[in-house]
Amino acid sequence: EDQVTQSPEALRLQEGESSSLNCSYTVSGLRGLFWYRQDPGKGPEFLFTLYSAGEEKEKERLKATLTKKESFLHITAPKPEDSATYLCAVQARAGANSKLTFGKGITLSVRP
Amino acid sequence: DVKVTQSSRYLVKRTGEKVFLECVQDMDHENMFWYRQDPGLGLRLIYFSYDVKMKEKGDIPEGYSVSREKKERFSLILESASTNQTSMYLCASSAGGRETQYFGPGTRLLVL
């Protein structure tokens, strides 16, 4: 069974204090790993897809990296508007179509 | 831009009522999904559909059914709503394969 564990559950940072969010996974052949951002009361918003170990993607203050066992979402010099819940999900190579297995999310709070 | 819309943002229903949640996507996506999201449990897949009139059970299908009569529309049906179905319901769509899932804004359902 595919599993995704995200840590820590919650993270509080001061504005400008860089940090990393962790996503550990076990999957029967990784097809893709997805990062989403979710604001309170809204649907998840797509950030990145990573397909193979060693791959990295960047968008503004966010950088996602992937190894064979985990992914990190690095946040450089965060701002209060980066406060949100960050979700990680994996898609297995085997099985039906695009089914994703999600972690429980990391709630990030950035204080001004 | 991909657009996934859901019929209601907030819904209040009585126990035993039949409830319809509608989702429409405008990108001609093959796959559509229904999730529920609860605090501490994350996103859990209820049902998904990879083609018109095709459906597959997700991880928690009990108490739910779905309908996909047209490619762009995927409906979630609660045959007889119960209080434990109070939740945030999220619809998503994807082009298939390892393509990204895009989410709608969510429907917050309260069953009294």
* State, to one decimal in nm, how far the label point of B:Lys70 lies from the label point of A:Glu15, with both points 7 Å from Cα in the Cβ direction. => 4.7 nm
* Given the options A:Glu70, A:Glu56, A:Glu17, state which has the largest fluctuation in a GNM of chain A using a 10 Å cut-off (strictly under) for Cα springs. => A:Glu17
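Quick check on the protein assembly as shown: of the DSSP beta bridges with both residues there, what percent are antiparallel, nearest 5%?
90 percent
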* **GNM flexibility winner over chain B from B:Leu90, B:Leu45, B:Leu11 (Cα, springs under 10 Å)** => B:Leu11
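Show me the trypsin sites (Lys or Arg not before Pro) within the stretch B:6-105 that DSSP assigns to loop and that have at most 13 other Cβ atoms within 10 Å of their Cβ.
B:Arg9, B:Arg14, B:Lys18, B:Lys53
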* Can you pull the accessible area of A:Arg31 for me, 1.4 Å probe, Å² to the nearest 10? -> 60 Å²
* When the label point is put 7 Å from the Cα of B:Arg9 along its Cα-to-beta-carbon vector, which residues of the stretch B:70-112 have a backbone N closer than 15 Å? -> B:89, B:104-109
* To do: May I have the convex hull volume per residue, in Å³, for the Cα set of chain B?
  => 95 Å³
* Does chain A classify as rounded, prolate or oblate by the C-alpha gyration tensor (a ≥ b ≥ c root eigenvalues; a/c under 1.5 gives rounded; else a/b over b/c gives prolate, otherwise oblate)? -> prolate
* Sequence-distant residues sharing a close amide H with A:Leu21 (under 5 Å, placed H) -> A:Leu73, A:His74, A:Ile75
* Structure fact -> Residue by residue through the stretch B:104-109, the couplings from Karplus 6.51 cos²θ - 1.76 cosθ + 1.60 with θ = phi - 60°, in Hz, x for Gly and Pro, are x, x, x, 10, 8, 9
* Structure fact -> Check: C-alpha center the stretch A:6-26 vs C-alpha center the stretch B:1-68, spacing in Å is 30 Å
* Rounded to the nearest 100 Å², what is the sum over both chains of accessible area buried where A meets B, with a probe of 1.4 Å? -> 1800 Å²
* Asked: In the calculated pair distance distribution of the stretch B:32-98, what percentage of Cα-Cα distances lie above 14 Å?
  -> 56 percent
* To do: First compute the accessible area of the stretch A:3-111 with a 1.4 Å probe, then give the percent of it belonging to carbon and sulfur atoms.
  => 47 percent
* Could you size up the charge dipole of the protein assembly as shown around its Cα centre, putting +1 on the beta carbon of Lys and Arg and -1 on that of Asp and Glu, and report it in debye to the nearest 20? => 300 debye
* Where is the GNM fluctuation largest for chain B (alpha-carbon springs, 10 angstrom cutoff): B:Met32, B:Met54, B:Met88? -> B:Met54
* Chain lengthening between A:Thr67 and A:Tyr51 when straightened (0.36 nm per residue, less Cα-Cα) -> 4.8 nm
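The values are calculated or read from the model by the stated rules, or taken from the named source; none is laboratory data. Computed from a predicted structure; not experimentally measured. Cβ sites come from the backbone with ideal geometry, for glycine too, and all protein chains shown count toward neighbours. The area values use the complete protein model at the heavy-atom level, side chains included, leaving out ligands, DNA and RNA. Shrake-Rupley method; radii C 1.70, N 1.55, O 1.52, S 1.80 Å.
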